[in-house]
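All remarks here apply to the structure that follows.
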Amino acid sequence: MTTNIIDTIYGRLTSMTPTDQKIAQTILDQPAAIVDWTISQLATTAGVSDASVSRFCRNLDLAGFHQLKVKVAQVAEDTSPAHATNNDDVQQYLASVTANKVDEVTHSLDQLSTALIDQLVAWLSTASVIQVVADGDTYPVAADATYKFNQIGLFAISAQPWETAVAQTLNLDQRAVLIAISNSGESRTMLKTVDVAQSRGVRVIGITNRDDSPLAQRGDLHITTTVRQRVLRSEYYFSRVAAMTVIEALYLLLIHADPERIERIHTHEAIIADSKV
């Protein structure tokens, strides 16, 4: 499935050189505008040389600046409202956040092909145990996945301390599945956990927003998420929404594949009902 150029730039942003990051940020801030720019206009706005823009295009596996403009034009209309606003007005900022979140959900789900979905559902449905691992502030996604999978009758485990999580991995058998969630796909502990899992014959599903990341390359299956939200005015991009959306989609797809799993939810809800007001 083809990834649009804006997704590609976001996915590679943190691994780019400082010069490429300047060019990328200019494109992300003004995607509609650069469609009508010359290479020199983009270079001047980004504070780099014309040659740097040409190298940037080659680094994205593009033939040149013209192809970059064509690809940006294909998606600029949908992305420009979400990324071009720098207004301090609260309502406009909220509108930007809304547009970013819609982008994250839409583009993350768009990249789930039918073939990939079929394989994911088959693996998870037949797993002896599903271990879900995530680092730091991404861990709530792992906790949510563990809750959801257990609720529909699929035994799942997770642990926030990495030392505990990797100890769990050491107990997995070849029928198990490991889901590793990382925005960057570069977490050393995550990669070490994947190594341990694969040494035991465990199948690995990676969920990252970079399809060229080490985790994406090492996993047996990979789900690419889309991250749009810049934190304040910094260049730090982070969101749990995309990964959480993928987990929610898997949960619903698993129920769709086996409607009897709804009864599991009813049973669980009945047990915990008296804990609610």
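The values are calculated or read from the model by the stated rules, or taken from the named source; none is laboratory data. Model, not experiment: these values are computed from the prediction. Every residue, glycine as well, gets a Cβ built from its backbone with ideal geometry; the counts of neighbours run over all protein chains shown. We work out accessible area using only protein heavy atoms, side chains counted, and drop any ligands, DNA or RNA first. Shrake-Rupley method; radii C 1.70, N 1.55, O 1.52, S 1.80 Å.
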The chain: most fluctuating residue of Leu191, Leu62, Leu154 per GNM, C-alpha cutoff 10 Å = Leu62
request  = Taking only protein heavy atoms into account and a 1.4 Å probe, give the accessible area per residue of region 9-76 in Å².
outcome  = 46
key: For q = 0.13, 0.14 Å⁻¹, Debye-computed log10 I/I(0) when each Cα of the chain counts as one equal scatterer   = -0.91, -1.01
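Would you mind getting me the FRET efficiency between Glu269 and Ser15? Use the beta-carbon distance for r and R0 = 35 Å, nearest 0.05.
On the way: r = 44 Å, r/R0 = 1.25.
Taking R0 as 35 Å, the efficiency between Glu269 and Ser15 is 0.20.
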query = Got a sec to turn the phi values of region 121-138 into Karplus ³J(HN,Hα) couplings, 6.51 cos²θ - 1.76 cosθ + 1.60 with θ = phi - 60°, whole Hz, x for Gly and Pro?
reply = 4, 5, 4, 5, 5, 9, 5, 5, 7, 10, 9, 10, 10, 7, 9, x, 6, 8
task = Give, in nm to one decimal, the length gained when the segment between Leu221 and Ser125 is fully stretched (0.36 nm per residue of separation minus the Cα-Cα distance).
result = 33.0 nm
message = Loop only by DSSP, 12 or fewer other Cβ within 10 Å of the Cβ. Give me the trypsin sites (Lys or Arg not before Pro) in region 245-277 that pass, ordered by residue number.
response = Lys276
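Could you tell me what percent of the accessible area of region 1-79 is made up of carbon and sulfur, with a 1.4 Å probe and every protein chain present? Write out the running numbers ahead of the final one.
On the way: 1820 of 3770 Å².
Carbon and sulfur atoms account for 48 percent of the accessible area of region 1-79.
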message = Need one value: the accessible area of Phe65 in square angstrom, 1.4 angstrom probe, rounded to the nearest 10.
response = 30
Heavy-atom accessible area order for Asp135, Asp195, largest first, 1.4 Å probe = Asp195, Asp135
note = Most packed first (mean Cβ within 10 Å per residue), the peptides 170-179, 110-119, 13-22 order as 170-179, 13-22, 110-119
inquiry  = Run lengths n ≥ 4 of DSSP H only: what is the helix-derived mean residue ellipticity at 222 nm for the chain, with -39500 (n - 2.57) per run over all residues, to the nearest 500?
reply    = -18000 deg cm²/dmol
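Starting from the Kirkwood Rh over alpha-carbon pairs, what translational D in µm² s⁻¹ does region 137-277 have by Stokes-Einstein at 37 °C and 0.692 mPa s?
Working: Rh = 16.3 Å.
Once the numbers are plugged in, D ends up at 202 µm²/s.
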message = Just to be sure I understand: with springs between alpha-carbon atoms less than 10 Å apart, which residue in Gln92, Gln131, Gln30 has the highest mean-square fluctuation in the Gaussian network model of the chain?
response = Gln92
query = Which one of Gln91, Gln41, Gln74 has the biggest mean-square fluctuation once the chain is modelled by GNM with Cα springs under 10 Å?
reply = Gln91
